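Read through the structure below, which is laid out as structure tokens, and then see the notes.
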Amino acid sequence: MTATLRVLLDQVAAPTDPILAEASRDLARALVAGAPDGCDVEGIVPAGADDLRRVPGLSSVRRTALARRELAAALQLGVATGIGGGMIHSPTLMAPLVKHDRLHDHDQTVVTVWDLRAWEAPDELPRGQAAWQRAMLKRAAKHADAIVVPTHELGERLAERAKVGDRTRVISGAAPLDFAVPSDEVGRRRHLGVPEGFVLLSGAAPSDAVDAGLAAVAASGLDLPVVVLDVDEGREPAVAELAESVGVPERRVHVRGALECADRAAVFGAALAYLAPSARTAFPWRAVEALALGVPVIAHDTPTHREVIVDGGDLIAATDAASLIEGLGNALARALATTSAAERLGVMAGDRGRVFSWHGAAERVWQLHADL
């Protein structure tokens, strides 16, 4: 008898978040590749969604009767969606969180929480998304058999907001499968209008603390370009103005949005260092990508960075914004003062980056469902 793991792949088939789309795709591919004997993987997608050629090897694909937006609303209300039962795993909070019988019917539902922005910075999310996430966490606290989180720190913070008991399980994310600097990296950077040799940052929302990162570049005294990735469309001028206001001339700032994996890897390939100034409770995707490619990482010493980066980068303790900027700036200057200093940080990053793997994550997901 075959045991089927049914995976919600709404972000793969009808993406609303590029990071979650990549994570869902790569976890699903790793689950297929690592399926134990007698097990297979079925994909569940909303009606009208694209096909799933990016996840080869699925035993089948089940389409719900509802399109993505209607499906999300129905799941929030706990009404029937036609998804059914069985072994259900969601790489997000999108799942049928309703009463079920794990003991007799062998139904089980596992969801995933990657960050707490809906609680810590709800104004940064699209209208209604924060409320949806908070409502789905309440349903998860009531009905989920387990809640996957990427760090122990996030699990502890989650327990402060919902009665999850001992149901959290820590399974980290990773850089995309086969994430590597492409052979045509120079051409890709030229096409993107990105220079060679720069300091890299990610994000533009206040909680991303890009302002502190830009100010740290200015404080370092280094006359280097700065590239900022993952900036929402239309916010590019605001980031350039912010850089100018903290002492980084606009001519040195290159702002880009969400990039495809190969383009992003090409950008990392020319980065001299990656700055991670944020203190949000969230899995630091871009820092993990920097580690994977051996890019020197300089980060705010937060519980999340301490747990994820460990000794793979330079962690800077700070008591306020001013000390954070000064500390990051000094660390950046030290890291790039000599070739040997930069190489040492790069080796440390690469060593730590090997810890994160989607195949390892998939193995732990299979074990989690077996334990349930």
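Some points to look at:
- Debye, to nearest 20: dipole size of the chain, +1 on Lys, Arg Cβ, -1 on Asp, Glu Cβ: 780
- Across region 129-139, rounded Karplus estimates of 3J(HN,Hα) from the backbone phi angles (6.51 cos²θ - 1.76 cosθ + 1.60, θ = phi - 60°) give 5, 5, 5, 5, 5, 5, 5, 5, 5, 4, 5 Hz, Gly and Pro being marked x.
- Full extension of the chain between residue 322 and residue 359 gives 9.3 nm of extra length, using 0.36 nm per residue less the Cα-Cα distance.
- Long-range amide H partners of residue 316 with built H, under 5 Å: 299, 300, 301
- Counted residue by residue at 0.36 nm each, then reduced by the alpha carbon distance between them, the extension gain from residue 4 to residue 186 reaches 61.2 nm.
- Virtual paramagnetic centre 7 Å along Cα→Cβ of residue 344, amide N under 18 Å, in region 240-284: 273-274
- Backbone phi angles across region 71-76, fed through the Karplus curve with coefficients 6.51, -1.76 and 1.60 (θ = phi - 60°), yield HN-Hα couplings of 5, 4, 5, 5, 5, 4 Hz in residue order; Gly and Pro are listed as x.
- Between the helical axis of 236-245 and the longest alpha-carbon principal axis of the chain there is an angle of about 40 degrees.
- When you count the other C-beta atoms within 10 angstrom of each residue and take the mean per peptide, 10-17, 89-96, 159-166 line up highest first as 89-96, 10-17, 159-166.
- Cα gyration tensor, region 185-353 - rounded (a/c under 1.5), prolate or oblate: rounded
- Hypothetical label at residue 37: residues of region 1-26 whose amide nitrogen lies under 19 Å (7 Å Cα-Cβ projection): 1-5
- Region 216-340, dipole about Cα centre (Lys/Arg Cβ +1, Asp/Glu Cβ -1), debye to the nearest 20: 200
- Rounded, prolate or oblate (a/c below 1.5 giving rounded, otherwise prolate when a/b exceeds b/c) for the chain by Cα gyration tensor: prolate
- Highest-fluctuation residue, 239, 355, 308 considered, GNM on the chain with Cα pairs under 10 Å: 355
- Inter-part distance, region 11-73 to region 314-354, computed on C-alpha centroids, equals 38 Å.
- Label point of residue 63 set 7 angstrom out along Cα-Cβ; within region 10-31, amide nitrogens under 18 Å from it belong to 10-15.
- Cα long-axis angle, helix 358-371 against the chain (0 to 90 degrees, to the nearest 10): 30
- Beta bridges assigned by DSSP with both partners in the chain are antiparallel in approximately 5 percent of cases.
- For region 78-85, 3J(HN,Hα) per residue [Karplus equation, 6.51 cos²θ - 1.76 cosθ + 1.60, θ = phi - 60°, Hz, x = Gly/Pro]: x, 8, 5, 10, x, 5, x, x
None of the figures in this text is laboratory data; all of them are computed from the coordinates on show. What you are looking at is a predicted structure, and each value in this text was computed from that prediction instead of being measured. Cβ atoms come from the backbone with ideal geometry, glycine included; neighbour counts cover every protein chain shown.
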